[in-house]
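Structure, as structure tokens:
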Amino acid sequence: MTFPKFLIALLRSVKNPLFYQKIVILVANTFIMMRLSTLLLIATFSLGLGACSKNLSYLHRDTVQDSRMLDRNMDQIQFYLSQELILERSLSQQKSEIKDGRIIVEEGGEVDRIRIPAESPGVFIFSPDGEKMAISFSDDEDSYLMFGPNPNENNRYTLLGKNWKRDYGEVTFRGKTYYVNRRSAMTGLLVDLKYTRKTKESRETLRGRTIN
């Protein structure tokens, strides 16, 4: 335990041994109570964070089918993006090339780049076939991306694109074609899953039995 310098100076100035002992005990108890209060505050704050934290899990086809999710009010379900996603398209006629999903243009060119951070919240817009989902991560309902079950990823919902090549693929956003890097094919949908245990209980009271 470390005391402030002014307390050390105060204690050194005390000549009465009994009074000195009382002051030391008082100061020590005060410091202990301050430490306990700080620890209690930290513990309370941590519990509060834990209570408010989300249990984000990848959305799978089985979850959608078992919960009959698409038969419910889908606008009440909050979705999240599993990882950062960057969409790019060239706005100029300048010569350009695509490398690792990024558009490289000559000096003077212009690129439209849209960034969606990891765990961005999204909402359901529509389902074209009862399985795929159009999810919007902005206030504009026309700004959506398509997700669907990926058989190569245990049927979890991932970003749907086309013309996937070694470095990049294409997605449709706001009615236009954007390029994304190959890693974006693994971008999935997350949902906050809360499991509840429902127990069915049958009660019966036996009154006992006597001999005839």
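Note on the range 71-95: residues that are modelled with pLDDT under 85 and surrounded by 15 or more Cβ atoms within 10 Å (Cβ to Cβ) total 2.
Anything in the range 175-193 that is of a type in the set (G, A, S) and at pLDDT 90 or above? List them, or say none. Those that are of a type in the set (G, A, S) and at pLDDT 90 or above: G175, G188. Of the residues that sit in the range 119-143 and are assigned to a loop (DSSP other than H, G, I, E, B) and in contact with a Ser or Thr (Cβ under 7 Å, 6 or more places away or on another chain), which one is modelled with the highest pLDDT? Looking at residues that are assigned to a loop (DSSP other than H, G, I, E, B) and in contact with a Ser or Thr (Cβ under 7 Å, 6 or more places away or on another chain), I get F137. All but one of (1) open to solvent by 80 Å² or more (accessible area, probe 1.4 Å); (2) among the β-branched types (V, I, T); (3) at pLDDT 95 or above hold for T196; state the number of the condition that does not hold. Tallying (1) open to solvent by 80 Å² or more (accessible area, probe 1.4 Å); (2) among the β-branched types (V, I, T); (3) at pLDDT 95 or above, T196 fails exactly one: (3). Taken as a whole, the range 149-167 holds at least one residue that is closer than 20 Å to R89 by Cα, in contact (Cβ under 8 Å) with a residue 40 or more places away in the chain, open to solvent by less than 50 Å² (accessible area, probe 1.4 Å) and not aliphatic (A, V, I, L, M).
The values are calculated or read from the model by the stated rules, or taken from the named source; none is laboratory data. Worth saying up front: this structure is predicted, and the values here are computed from it rather than measured. No Cβ is skipped: glycine too gets one built from the backbone with ideal geometry, and neighbour counts run over all protein chains shown. Calculation scope for accessible area: heavy atoms of the full protein, side chains included, ligands and nucleic acids excluded. Shrake-Rupley method; radii C 1.70, N 1.55, O 1.52, S 1.80 Å.
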